[in-house]
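Reading through the structure tokens given below for one structure.
The values are calculated or read from the model by the stated rules, or taken from the named source; none is laboratory data. Every value quoted in this text rests on a predicted model; they were computed, and no experiment measured them. Virtual Cβ from ideal backbone geometry, glycine too; neighbours counted across all protein chains shown. With ligands, DNA and RNA removed, areas are computed over all heavy atoms of the protein, side chains included. Shrake-Rupley method; radii C 1.70, N 1.55, O 1.52, S 1.80 Å.
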Amino acid sequence: PLLLLPGKHVQHDIPKIYNRLINEGINTQLLPFLGCWNEWITILNYIIDIESKNREPILLHHPLSNDLGSSYLKQLRQKLKVPILPWTKWNELKKKGAKKYSPIPFSLAPNQNTKNLRQHDSISSLLEIDIFLIELINLLTNLP
């Protein structure tokens, strides 16, 4: 699974699936979640640099409710040097003058939440950005 955040799926569901496959004798390799791969962060940083030429980028993510997720987001914020906010808080920020921000949805595929984040002329997921799609394919084809 290509997960960007260490939420419940990464912490609970994936290990259960992995253990079940191992117990069934299926040769399986468990990798860290995509969102923590250094190569992925580099690609994200590239897009943030491009977005910062027009307005201040802000990364909008799926809400997390665990300590690991909070710790990850804090580290990500330090690496990217941009505000990071759950998409549930975006409407509040828009009311306070979010026009200075260029929202980047931290989501691979569009969903109902991310479609409401962006302006009419912008993206609702990372895979709508050609460089992300190309680089993700490159990352996956180079896996051992």
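Where the only charges are on Cβ atoms (+1 Lys, Arg; -1 Asp, Glu), what is the dipole of the chain about its Cα centre, to the nearest 20 debye?
740 debye
Computed FRET efficiency, Cβ-Cβ of residue 65 and residue 137, R0 30 Å: what is it to the nearest 0.05?
Plugging the Cβ-Cβ distance into 1/(1 + (r/R0)^6) gives 0.40.
Would you list 96, 16 from the most to the least accessible area, probe 1.4 Å?
Listed by decreasing accessible area, they come as 96, 16.
Sort 28, 141 by heavy-atom solvent-accessible area, probe 1.4 angstrom, most to least.
Result, largest first: 141, 28.
Could you give me the ³J(HN,Hα) list for region 91-96, computed from phi with Karplus coefficients 6.51, -1.76, 1.60 and θ = phi - 60°, whole Hz, x at Gly and Pro?
4, 4, 5, 4, 5, 8
Kindly report, to the nearest 10 Å², the accessible surface of residue 107 as traced by a 1.4 Å probe over protein heavy atoms only.
10 Å²
Give the ranking of 65, 102 by solvent-accessible surface, highest area first, calculated with a 1.4 Å probe.
Sorted descending by solvent-accessible area, the residues read 65, 102.
Please give the solvent-accessible surface of residue 74 in Å², to the nearest 10, using a probe radius of 1.4 Å with every protein chain present.
120 Å²
I'd like the FRET efficiency for residue 45 and residue 17, computed as 1/(1 + (r/R0)^6) with the beta carbon distance as r and R0 of 30 Å, rounded to 0.05.
Approximately 0.45, to the nearest 0.05.
From the C-alpha gyration tensor of the chain, pull out the three semi-axes of the equivalent ellipsoid (sqrt of 5λ each), sorted largest to smallest, in whole Å.
29, 17, 14
Apply the Karplus parameterisation 6.51 cos²θ - 1.76 cosθ + 1.60, with θ equal to phi minus 60°, to every residue of region 28-37 and state each ³J(HN,Hα) to the nearest whole Hz, in sequence, with x for glycine and proline.
Once θ is set to phi - 60°, the couplings for region 28-37 become 9, 10, 9, 10, x, 5, 3, x, 9, 5 Hz.
So what is the relative contact order for region 1-135, in percent, with contacts set as C-alpha pairs under 8 Å and at least six apart?
23 percent
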